[in-house]
Amino acid sequence: MRSTSLRLLDRPTLNLLNDHLIDYPTAMNLNYMWNFGSMSGIFLIIQILTGIFLAMHYVASIDLAFNSVEHICRDVNNGWPIRYMHANGASFFFLVVYIHLSRGLYYGSYKTPRSVIWIIGVVIFILMMATAFIGYVLPWGQMSLWGATVITNLFSAIPIIGEYIVIWLWGGFSVDNATLNRFYSFHYLLPFLIVGAVLVHIIVLHQHGSNNPLGIEGSSSKITFYPYFIVKDVYSWVLILMLYFLFVYFAPNFLGHSDNYIEANAMVTPAHIVPEWYFLPYYAILRSIPHKLGGVVAMGGALLILLALPYLDVSDTRSSTFRPIHRLIFWIFLINYVILGWVGGYPPESPYLEIGQLATAIYFSYFLMFIPLVDMKFE
């Protein structure tokens, strides 16, 4: 008789795995840019597994949080690589997702019939940003405390209900013990919501199939996912993981801010409050508007406008391979995004403030003016 474990893998389950992982029809001309989707899945798994182990030793108390992180690194067996895998894993997770989104922008993967796939992907990205922000607060260093104070205070700009939202987030009238406990709970919950959104993302993707560099639909030019593309995926996983572990073992603090290795002190304000590098473009947009509510609206709009992209692009052609003007403005947009990230790391003073304002204008012009008008008039 078959064992229980074998009975669980009955024909419907095997057929499902076969349809999605083995015989899944894939365009034969996919390049390595399509591998960043599976890479992001690898880093999501790394973040969840390392996060579970860290939660076993972390103490969500303003008196003990900082020391509990030091305890993990110094006293827990193999605690330091787990902690640094988690910390650097966040940066690599965002890196591969940023490349994944850029590929979607370049090749028009957001266009019909894949607009729902794109929208779910943007929702995943927003959930990632929320998870990463509250996770940055948990070590309870100087940047943790003051970053939480600055960002949560932004909600106070919302008319009528803003102050109530801030008090609810804080669990009181300042960033304190209740805040840390709430953030710890959210940080543990949100990754599982991301997993659910990722599963929906994959299911919807497999309904229509992946886009391809040419942006042309057709079933005659497709081959099975296994063994051809699984080999390419595994090869890219090995390369990115080699780079990832170089950081984990040889430069574990390179991507972090030095002030966050100083225990939080509400009586000492850092000279310059800087978020993690993957937040810097949106931080620059926030500061480019000389009005609190306006900055919040601009930062939120910079994320939400991605949801509207499938409806802003009216071109019948997907891939930038056949859209030379769109290809040009895409690279301008990408360079501008890097400039926003660079500006976000500096104080909001001249000339960085003016550069940030110009870069913010270009960011929104890409979506609201360049894409609709260029595709409508010239291509």
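The values are calculated or read from the model by the stated rules, or taken from the named source; none is laboratory data. Everything numeric here is computed off the predicted structure, so don't read it as measured data. Note: ideal-geometry Cβ built from the backbone for every residue, glycine included; neighbour counts use all protein chains shown.
Contact annotation: residue pairs with Cβ atoms under 7 Å, 6 or more positions apart or on different chains, pairing a residue in segment 308-333 that is in contact (Cβ under 8 Å) with a residue 12 or more places away in the chain with a partner that is assigned to a helix (DSSP H, G or I) and among the β-branched types (Val, Ile, Thr), are LEU312/ILE371; ASP313/ILE371; ILE325/VAL374; HIS326/VAL374; ILE329/VAL374.
Here is a check on your reading of the model: is GLY121 in a helix (DSSP H, G or I), farther than 30 Å from HIS208 by Cβ and assigned by TED's automatic domain parsing to the domain that holds MET39? Spelling it out, it is not the case that GLY121 is in a helix (DSSP H, G or I), farther than 30 Å from HIS208 by Cβ and assigned by TED's automatic domain parsing to the domain that holds MET39. Looking only at residues of segment 321-339 that are over 19 Å from MET369 (Cα atoms) and surrounded by 14 or more Cβ atoms within 10 Å (Cβ to Cβ), we find that the one that is farthest from the chain's Cα centre (by Cα) is PHE322. All conditions in (1) within 19 Å of ASN35 (Cα to Cα); (2) assigned to a helix (DSSP H, G or I); (3) touching a Leu at 6+ places or on another chain (Cβ under 8 Å) hold for TYR235, with the sole exception of (3).
Among TYR278, TYR283, TYR244, TYR249, which is loosely packed, with under 15 Cβ neighbours inside 10 Å and assigned to a helix (DSSP H, G or I)? Talk me through it step by step, then tell me what you get.
Numbers: TYR278 fails: loosely packed, with under 15 Cβ neighbours inside 10 Å; TYR283 fails: loosely packed, with under 15 Cβ neighbours inside 10 Å; TYR244 fails: loosely packed, with under 15 Cβ neighbours inside 10 Å.
Going through TYR278, TYR283, TYR244, TYR249 in turn, the sole match is TYR249.
Regarding LEU14, is this residue of a type outside the set (Ser, Thr, Tyr), in a helix (DSSP H, G or I) and farther than 23 Å from LEU193 by Cα? Yes. Farther than 19 Å from ALA132 by Cα, exposed (fewer than 15 other Cβ atoms within 10 Å of the Cβ) and among the polar types (S, T, N, Q): is that true of THR269 in this structure? When the stated conditions are applied, THR269 passes them. Restricted to segment 89-114, and to residues there that are of a type in the set (Gly, Ala, Ser) and in a helix (DSSP H, G or I), the residue that is nearest to LEU127 (Cα to Cα) is ALA90.
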